[in-house]
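Take a look at the structure set out below.
Computed from the coordinates by the stated procedures, all read-outs in this text should not be read as laboratory data. Here the structure is a predicted model, which is why all the values come from computation and not from measurement. Cβ placement follows ideal geometry from the backbone for every residue including glycine, while neighbour counts extend to all protein chains displayed.
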Amino acid sequence: MTTGVRRRMGVEERRQQLIGVALDLFSRRSPDEVSIDEIASAAGISRPLVYHYFPGKLSLYEAALQRASDDLAARFVEPREGPLGARLLRVMGRYFDFVDEHGPGFSALMRGGPAVGSSTTNALVDSVRQAAYVQILSHLDVTEPPARLELVVRSWISLAESTALLWLDGRRIPRAELEAQLVHDFAALLAVSAAYDEETGALLRRVIADEPADGPFADLVGRLTGFMD
């Protein structure tokens, strides 16, 4: 009979394991409800050993949020190929994959969780928003956006966040519909801005010219036309 031997982990490997365990627990329940004892048990180590790698729950929580924020920011990365509407729809699909899989953790990241007021937590949230902003500008092929376009993109990112948080509260609207609606919201915000700014208008015309008849933006036009009839 062979007896299993627990493999000894290096310092960084153990830290990464604890972060993964904590993130998994924080993703399923509010961080306030997860104890160090529970994290230690899930990792198969003692409570004092957790404190050997992290000085307290807050530091482990922030390390888990760092990993989550890196993952969330990466969801906005999309090859610059094909129509913009289809690209944004894929981005929203991956975004809501994260929200769906990490509901309590997503809420904690965006709302601050037990680390309200923590400069680290606030910086992580800002880094996700900035990464999303840079990626959307890349999709628009814009390096120095005019003020109105910056307003459109940042407002849309905030709208995606608030929509996801509201959706988590009961999930009363089908997820796929919300993903499509957010892509439509982006087009609508861009169109409203274009009515006030010629530079944004030129960008909108370029975007529309590349959209196929069966794309998300064309679908929005069809829905609005049907509403007006």
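Were the residues from Leu165 through Ala188 laid out at 0.36 nm apart, the gain over their Cα-Cα distance would be 6.2 nm.
Between Leu159, His184, Pro212, the Cα set farthest toward the positive side of the dipole of region 123-217 (charges on each charged residue's Cβ, about the Cα centre) is that of Leu159. In order along region 100-107, the Karplus-derived 3J(HN,Hα) couplings, from 6.51 cos²θ - 1.76 cosθ + 1.60 at θ = phi - 60°, round to 5, 7, 10, x, x, x, 4, 4 Hz, and Gly and Pro are given as x. Return the calculated 222 nm mean residue ellipticity for the chain, to the nearest 500 deg cm²/dmol, obtained by summing -39500 (n - 2.57) across DSSP H runs with n ≥ 4 and dividing by the residue count. Helices in the chain give a 222 nm mean residue ellipticity of -24000 deg cm²/dmol. Per-residue 3J(HN,Hα) values for region 18-26, derived from phi via the Karplus relation 6.51 cos²θ - 1.76 cosθ + 1.60 with θ = phi - 60°, read 5, 4, x, 5, 4, 4, 4, 5, 5 Hz in sequence order (x marks Gly and Pro). Among 27-33, 86-92, the peptide with the highest mean count of other Cβ atoms within 10 Å heads the list, and the full ranking is 86-92, 27-33. Using equal-weight Cα scatterers in the Debye expression, the normalised intensity of region 65-228 in log10 at q = 0.08, 0.10, 0.14, 0.20 Å⁻¹ is -0.24, -0.38, -0.74, -1.37. Under 5 Å from the amide H of His102 lies no amide H of any residue 5 or more positions distant or on a separate chain, with H modelled from the backbone and absent for Pro and chain starts. Put a plus charge on the Cβ of each Lys and Arg, a minus charge on the Cβ of each Asp and Glu, and nothing anywhere else: the dipole of region 65-228 about its Cα centre is then about 320 debye. Annotation: extensible slack from Ala42 through Ser138 equals 30.5 nm (criterion: 0.36 nm per residue apart, minus Cα-Cα distance). Note that region 40-55 has calculated 3J(HN,Hα) couplings of 4, 4, 5, 8, x, 10, 7, 4, x, 5, 4, 5, 5, 9, 9, x Hz, one per residue in order, obtained from phi through the Karplus relation 6.51 cos²θ - 1.76 cosθ + 1.60 (θ = phi - 60°); glycine and proline are x.
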